[in-house]
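Laboratory data are not the source of any read-out in this text; all were calculated from the coordinates shown. All of these numbers come straight from a predicted model, not from anything done at the bench. Note that we place each Cβ from the backbone using ideal geometry, even for glycine, and neighbour counts take in every protein chain shown.
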Amino acid sequence: MQRNLLAAVIAGLSAAPVSAQDIPTLDTIIVTATRIPTPASEVLRDVSVLDRHAIDLSADATVSELIARLPGVQVTTAGGRGDASTLSIRGGNTAHALVLVDGLRISSATLGTTAIHALPAGLFSRIELARGPMSSLYGTDAMSGTVQLLTRDPSTVTAPEAQVGVGQYGTRLGSVTLGGQVGEGAFSLVAGAEHSDGFSSIKAPKAGLFDLFNPDRDAYDNRYVNAAFAQRIFAQSELEVRYLHSESMKRYDATNCDSFYITCTTNFDNRNQQFVESLQASLAGRIADDWQSRLRVGRSRDNQRNWLFDPSTGNVSVDYYETGQNQALWQNDIALAGGKAMLALEWRDLEVGSSKHFVVDSQTTRSAMVGYQGRFGAHAVEASVRQDRISLLGRHGSHSLGYGYQMSSAWTVHASLGRAFHAPNFNDLYWPLDPVNFYQGNPNLRPETAHNREIGLGYGAAGDTAKLTLYHNRVTDLIDYVPGSFPTFIGTMGNLNAATLKGATLEFSRTRGAWSWRALADWLSAKDDATGLTLQRRAPRTGTLELGYKSGGVDLRGRLRAVDARFNNTANTQRLPGYGVLDLEARYRVDRAWSLEARLDNLLDRDYVEVRSTLNPFNDYSVSGRALFLGLRYAPK
C-alpha cells in the first residue's frame with residue numbers, strides 16, 4: 001500500500017497542479033541564500049520559502065512539521081508534540097543543518113543542534129530554506145543547508161491580533177499580537193501559550209526486555225514571547241532591537257536504572273525542560289549611496305534540564321546543560337559594476353555550563369568573509385569565501401562558486417561548487433571520563449568537511465513553476481563512535497567515515513484561478529563509503545501532492561505526503577516500512593477581521609513508525625492518529 005502511494009505521488013508530477021505559498025515567486029525577496037536581500041529570480045541556490053499565509057493556514061502546526069513540508073528535507077520526531085526532532089537536509093546529519101533565528105544562532109554547544117521542537121510556529125512569520133553547503137557564508141554547521149526562522153517585522157503589525165484553538169489530545173493554544181507606529185518607529189509584541197495532554201511517546205512493546213513503555217500521557221507545555229522595536233534615527237539609518245523567549249516542559253517515557261543497571265523502572269515522571277532565548281540589537285544605514293552597512297550584536301541561550309530517577313535509592317536528580325552565545329557581525333554591502341560585493345567580520349563566543357564537568361567550557365570563533373553576486377545580461381555569478389578561526393580547533397576555510405544562465409524568459413539553468421565544514425560539539429570533544437557508560441570525549445577530533453556540486457534547471461511562466469535540482473555531496477572525516485578496548489573498554493569519538501550524499505529534487509506548481517496544485521518528489525542516495533550501507537533513517541524516496549482552493553473568504557488545502565521504507569539503524573538490519581499521510585486544512589474568513597480555522601491531521605488514521613528504539617527493536621515511538629483542531633483568529637486586514 002505504501003509503495004502504491006509513493007508511486008502515485010511521483011507519477012502525479014506529469015499532471016500535478018500547485019500552491020504557490022511554499023514556492024518563491026519572482027518578486028519574493030530572499031536573504032538567507034546570499035546574506036544580501038535578493039529577488040528569488042536572481043538566486044542561484046536551491047531555495048524554498050514558507051510565508052506567513054502558509055504558516056497561519058497550518059493553524060497549530062509545529063516548526064518541525066512546517067520544515068518537513070519543504071523539499072529535500074526529512075524530519076523525524078521521537079514521539080508527539082514537544083519531543084526531540086531530527087532534521088536532515090539532502091541526507092545530512094542534524095548537526096549539518098544550520099538553524100538561525102533572525103540571523104542569530106540559538107543552539108546547544110553540547111549537542112551541536114537547535115531545539116526546533118521547542119520553538120512554536122506562532123513565533124514566526126516566515127521560514128527560508130537554502131539547500132546545499134553554506135559555510136562560506138555562515139561558517140560551521142552549514143554543510144547540507146541553512147534554515148532561517150524570521151519573526152514579525154514591527155512595521156507590518158498595524159492592529160491587534162489574536163488566536164485561540166482547541167484540538168485532539170487535549171491541545172489548547174492561544175496568542176496575542178500587539179503593535180503600532182510611534183513617530184519614526186514601530187513596535188510589535190507577540191505572546192502565547194500552548195498545552196497538549198499528548199499521548200504515550202512510546203507504543204506498547206511487542207516483546208523484549210528493558211521496555212521503555214509507560215502508558216501515561218506525555219504532556220507538553222510552552223510559553224513564549226517575542227518583542228521587536230525599530231526606530232529611524234537618521235535619514236538613512238535604523239536601529240532595531242529584538243527579543244525572543246520560549247520555555248517548554250515535555251513529559252516523556254524512559255527506563256530509569258541505578259548506576260549499575262541492576263534495578264530499573266519506567267514508573268517515574270521523566271520530564272525535560274527546554275529554554276531558548278535571544279536578544280539582539282542592530283544598526284543599519286548607508287555610509288554612501290552605494291555602501292550599505294549593518295552592525296549587529298546579540299546574545300542567545302539554550303538551557304536544558306532533565307529529571308532522572310534512581311530506583312535503588314529513590315533519589316531524583318537533575319542533569320542540566322546550558323549554552324550562552326555572544327555574537328557580533330559587521331557586514332558591508334557595496335554596489336559594484338554589474339552587482340554587489342559583501343564584506344563581513346563575525347565573532348562568536350560560546351560558554352558551557354553543566355552538571356557534568358567539562359575540562360574546556362568555552363570556545364571563541366573569529367571569522368572573515370567576502371562575497372559577490374552580479375548579473376551580466378543573461379549571465380549571473382555568485383561567489384563567496386570565508387575563513388574561520390576556532391579556539392583549539394585551528395583555521396578552517398570554505399568557499400562557494402555559482403553560475404546561472406537565463407536561456408529564455410521562462411527557462412534558467414545554474415550550477416555551483418562548494419566546500420563546507422562542521423566543527424565537533426562539546427560532547428564529542430570534552431565529555432568527561434564516564435566509566436559507568438564506558439565513554440570519554442576526544443579533544444583531537446577534526447572538523448567534518450563536505451565538497452558539493454550541483455546543477456539545476458528552472459521554469460516559471462503564466463502561473464506555472466517547475467524546478468529540477470541534481471546534487472552530489474561527499475562528506476569526509478565523519479565523526480563516529482570508537483569502541484573501547486581492554487582493559488578499560490572506554491570508548492570515544494573518532495574521524496572514521498566518509499559518506500556520499502547524492503540525489504534529485506523535483507518541484508512543480510500550477511495556479512489556475514481559484515485552484516492551485518503542487519507536487520514534490522525527492523530521490524536520495526545516502527551511503528557510507530566504506531560499507532555501502534544506507535545512513536540511518538534516510539528514506540530513498542519521498543513525495544508530496546497538494547491541492548488548494550481559495551476564493552472569497554474560503555481557503556482549503558489537502559496534502560498527501562508519502563515516505564518510502566528506510567533503515568532505522570546504521571547496520572541496516574532494522575527496516576521501517578513506508579507510509580502515506582493525508583492532511584486537510586481550512587479557513588473561512590467571516591469578515592475582514594474574524595476567521596474560523598480547522599485542521600485534520602492523518603485523515604485516514606494511519607498507524608506508522610517514524611522512529612524505533614535501536615537498542616530494543618520492539619519499542620516504536622508513537623505518532624498522532626486522526627486529530628482535529630479548531631481555531632478562531634482575529635486579524636484585521
Original post:
³J(HN,Hα) across region 605-611 via Karplus (A = 6.51, B = -1.76, C = 1.60, θ = phi - 60°), whole Hz, x for Gly/Pro?
Top reply: 6, 5, 9, 9, 10, 8, 9
Original post:
From the residues 535, 456, 429, which one has its Cα farthest along the dipole of region 428-568 in the positive direction, the dipole being from +1 and -1 charges on Cβ of Lys/Arg and Asp/Glu about the Cα centre?
Top reply: 456
Original post:
In debye, nearest 20: dipole of the chain around its Cα centre with unit charges on the Cβ of K, R (+) and D, E (-)?
Top reply: 1260
Subject >> Mean-position separation - Cα centroids, region 452-498 and region 31-49, in angstrom >> reply: 22
Original post:
So what's the projected area for region 358-433, the Cα convex hull averaged over all directions, in nm²?
Top reply: 6.8
Original post:
Extent of region 64-209 along each principal axis, from alpha carbon coordinates, in Å, largest to smallest?
Top reply: 66, 45, 29
Original post:
Considering region 261-378, what Rg and Dmax in Å follow from its alpha-carbon atoms?
Top reply: 23.4, 75
Original post:
Cα to Cα, under 22 Å, and not fewer than 8 places away if on the same chain: which lysines meet these conditions relative to residue 502?
Top reply: 467, 527
**OP:** Report, by chain and number, residues whose modeled amide H sits under 5 Å from the one on residue 199, excluding near sequence neighbours (fewer than 5 apart, same chain).
**Re:** 218
Subject >> Amide proton proximity set for residue 110, modelled H, under 5 Å, gap of 5+ >> reply: 426
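Given Cα positions, please report Rg to Rh for region 541-597, the hydrodynamic radius being the Kirkwood one.
1.29
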Subject >> 29 Å Cα-Cα reach of residue 637 towards lysines, excluding residues that sit fewer than 8 places from it in its own chain >> reply: 550
Original post:
Which value at 222 nm does the chain reach when only helices count, each DSSP H run of 4 or more adding -39,500 (n - 2.57), with the total divided by all residues and rounded to the nearest 500 deg cm²/dmol?
Top reply: -1000 deg cm²/dmol
Original post:
HN-Hα J couplings of region 297-305 from phi, Karplus 6.51/-1.76/1.60, θ = phi - 60°, integer Hz, Gly and Pro as x?
Top reply: 10, x, 9, 10, 9, 10, 10, 10, 10
Original post:
Quick one: Karplus J couplings for region 410-426, per residue in order, coefficients 6.51, -1.76, 1.60, θ = phi - 60°, nearest Hz, x for Gly and Pro?
Top reply: 10, 10, 9, 9, 9, 9, 8, 10, x, 10, 9, 8, 9, 7, x, 7, 5
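Seen from all sides and averaged, what is the projected area of the convex hull of the Cα atoms in the chain, in nm²?
27.6
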Original post:
Which is the longest part of the chain that has none of the chymotrypsin sites (Phe, Trp or Tyr not before Pro) sitting in a DSSP loop with at most 11 other Cβ atoms within 10 Å?
Top reply: 1-259
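Using 1/(1 + (r/R0)^6) with R0 = 51 angstrom and r between the beta carbons of residue 299 and residue 263, what's the FRET efficiency to the nearest 0.05? Present the calculation step by step, with values, prior to reporting the outcome.
Details: r = 43 Å, r/R0 = 0.84.
It comes to 0.75.
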